[in-house]
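Only one structure is covered here, and it is reproduced in the block below.
The values are calculated or read from the model by the stated rules, or taken from the named source; none is laboratory data. Note that the coordinates shown come from a computational prediction; the quantities given were computed from them, not determined experimentally. Neighbour counts are summed over all protein chains in view; Cβ atoms, including those assigned to glycine, are modelled from backbone coordinates with ideal geometry.
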Amino acid sequence: MSHAELLEAIWESVPPGAEPERFALRRDWLLERVRPGQRVLDLGCGEGLFTAALQAHGAHAVGIDVVQEPLRRGRARDAGLDLRLAVLDAPLALDDGSFDVVWAGELVEHLVDVVGWLSEVRRVLPSGGRLLLTTPDHPSRLVRALADDPEAFDAHFDPRADHLRFFTQRTLATLMDDLNFTPATIASDGETLFLEAVRARF
């Protein structure tokens, strides 16, 4: 089974209309940082619930995913959304500097090539454009607790799961710095990392 086929199979198992994890909290955080009229790219948009929220907020939102099934569901629910299929592991079919903001909610932990993906994010943002991102937090206290509970450790790091990356505030900040996103503001509520970073000028 290819990576693309695996992602399609995962989505086939997700009930239609299922709300993304911690949706209201992450939606509100996102909308506080987006102004009406801004061009926003929702990467890994799934069924487009964040895309719809951005559009209702007055942003010009485009949702992109590499899986066909959630896009089909999103279009069936709201034909007015701009939802597009991207090719897995290929450059985005978007112009350089074409978005003011890129939103990536709970996506980066699923990626094989994080550096290549961030290079594409940087390309579609102009200098001064912003990346808004959330991902599960893995602070030292969580790692220690998992180490003391073998069953919980095995469940959390199950090799059959679709999480490939596990971030802390420090590793996420280092990644942003390496890819010329600065300054990176990263907060955590103990479960989720909330990042706001600016594409540096060259």
Open item on the list: Quick check on my filter: what residues within the range 1-60 are farther than 14 Å from residue 82 by Cβ and among the β-branched types (Val, Ile, Thr)?
Closed with: 10, 14, 34
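Scan the range 169-202 for residues that are of a type in the set (Val, Ile, Thr), within 18 Å of residue 143 (Cβ to Cβ) and out of contact with any Pro (no Cβ under 7 Å at 6 or more places or on another chain) and report the count.
Of the range 169-202, the ones of a type in the set (Val, Ile, Thr) are 171, 174, 182, 185-186, 192, 198.
Filter again for within 18 Å of residue 143 (Cβ to Cβ), leaving 171, 174, 186, 192.
Keeping just the survivors that are out of contact with any Pro (no Cβ under 7 Å at 6 or more places or on another chain) gives 171, 174, 186.
Of the residues in that region, 3 qualify.
Can you tell me which residue among 4, 24 is hydrophobic (A, V, I, L, M, F, W, C) and modelled with pLDDT of 95 or more? Working first, answer last.
Numbers: 4 fails: modelled with pLDDT of 95 or more.
Of the residues listed, the single one that is hydrophobic (A, V, I, L, M, F, W, C) and modelled with pLDDT of 95 or more is 24.
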TODO: Give the number of residues within the range 37-51 that are within 19 Å of residue 129 (Cα to Cα), among the small types (Gly, Ala, Ser) and in contact with an Asp or Glu (Cβ under 7 Å, 6 or more places away or on another chain).
DONE: 1
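Residues checked against (1) of a type in the set (Lys, Arg); (2) modelled with pLDDT of 80 or more; (3) part of a strand (DSSP E or B); (4) touching a Ser or Thr at 6+ places or on another chain (Cβ under 6 Å):
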site: 122; (1), (2), (3), (4): yes, yes, no, no
site: 127; (1), (2), (3), (4): no, yes, no, no
site: 131; (1), (2), (3), (4): no, yes, yes, no
site: 136; (1), (2), (3), (4): no, yes, yes, no
site: 142; (1), (2), (3), (4): no, no, no, no
site: 146; (1), (2), (3), (4): no, no, no, no
site: 151; (1), (2), (3), (4): no, no, no, no
site: 159; (1), (2), (3), (4): no, no, no, no
site: 170; (1), (2), (3), (4): yes, yes, no, no
Task: Answer residue from the range 172-202, given it is modelled with pLDDT of 90 or more and polar (S, T, N, Q) and is farthest from the chain's Cα centre (by Cα) among those - done: 174
- [ ] Among the strands (runs of 3 or more DSSP E) lying completely within the range 19-107, list those that include at least 1 residues that are within 16 Å of the chain's Cα centre (by Cα) and more than 20 Å from residue 7 (Cβ to Cβ).
- [x] 39-43, 60-65, 101-105
